[in-house]
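Engineer: What follows is a single structure, and I will ask about it in a moment.
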Amino acid sequence: VSVSRAIKPFAEPGRPPDWFSQKHCASQYSELLETTETPKRKRGEKGEVVETVEDVIVRKLTAERVEELKKIIKETQEKYRQLKKDAELIQAGHMDNRLEELCNEILM
């Protein structure tokens, strides 16, 4: 219950209402455990930190999220460049014949 409540504020738009239910969170976690390779135990010195399945899952999900964010940043930068280019063309008077069409696109 605490996990489902804690992650609810980070919901992405469009998620169904039961997405953060206890049952759904448990099934998602179970699926992650099943699809993640269990790290092999190493013999070593006492006090050595051994990587757990949870650590592997966190590292994997973190890497995936970083890639998603990089992609979003790249798309946003491309959109910004295009809008800046369009604004410069409008200010220079090269888009006067398309102004009405651009206004309609913005309104939509």
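The values are calculated or read from the model by the stated rules, or taken from the named source; none is laboratory data. Not measured: the values here are computed from a predicted model. The accessibility values were calculated without ligands, DNA or RNA, using every heavy atom of the protein model including side chains. Shrake-Rupley method; radii C 1.70, N 1.55, O 1.52, S 1.80 Å.
Engineer: P(r) of region 4-108 in 5 Å steps, Cα pairs, percent per bin?
Structural biologist: The distribution over region 4-108 is 2, 9, 10, 12, 12, 10, 9, 8, 8, 7, 5, 4, 2, 1, 1, 0, given as percents.
Engineer: Further, regarding this structure: Relative contact order for the chain: what percent, with Cα pairs under 8 Å and sequence separation of 6 or more?
Structural biologist: It comes to 14 percent, rounded to a whole number.
Engineer: Same structure, new question: Which pairs, out of Lys23/Lys60; Lys8/Lys79; Lys40/Lys71; Lys60/Lys84, put more than 25 Å between their alpha-carbon atoms?
Structural biologist: Lys8/Lys79; Lys40/Lys71; Lys60/Lys84
Engineer: May I ask you to give the solvent-accessible area per residue for the chain, in square angstrom, as obtained with a 1.4 angstrom probe?
Structural biologist: 93 Å²
Engineer: Here is a follow-up. Quick one: angle between helix 22-35 and the longest Cα principal axis of the chain, in degrees between 0 and 90, rounded to 10, please.
Structural biologist: 80 degrees
Engineer: Could you look at region 61-108 and say what percent of its accessible area is carbon and sulfur, using a 1.4 Å probe and all protein chains?
Structural biologist: 57 percent
Engineer: Which order do you get for Phe10, Phe20 if you rank them by accessible area with a 1.4 Å probe, largest at the top?
Structural biologist: Ranked list, largest accessible area first: Phe10, Phe20.
Engineer: Looking only at Leu83, Leu32, Leu61, which one moves most when the chain is put into a Gaussian network model with springs between Cα atoms under 10 Å?
Structural biologist: Fluctuation is largest for Leu83.
Engineer: Pop out the ³J(HN,Hα) list for region 70-85 in order, Karplus 6.51 cos²θ - 1.76 cosθ + 1.60 with θ = phi - 60°, rounded to Hz; leave Gly and Pro as x.
Structural biologist: Karplus-based 3J(HN,Hα) across region 70-85 equals 4, 5, 4, 4, 4, 4, 5, 5, 5, 5, 4, 4, 5, 5, 5, 5 Hz.
Engineer: Limiting things to C-alpha atoms, what are the Rg and the maximum Cα-Cα separation (Dmax) for region 2-43, in angstroms?
Structural biologist: 14.0, 47
Engineer: While we're here: Got a sec? What order do Met108, Met95 fall in by accessible area at 1.4 Å, biggest, i.e. largest, first?
Structural biologist: Met108, Met95
Engineer: Further, regarding this structure: Please check: in the Gaussian network model of the chain (C-alpha springs, under 10 Å), which one of Lys74, Lys60, Lys85 has the largest mean-square fluctuation.
Structural biologist: Maximum among the listed residues: Lys85.
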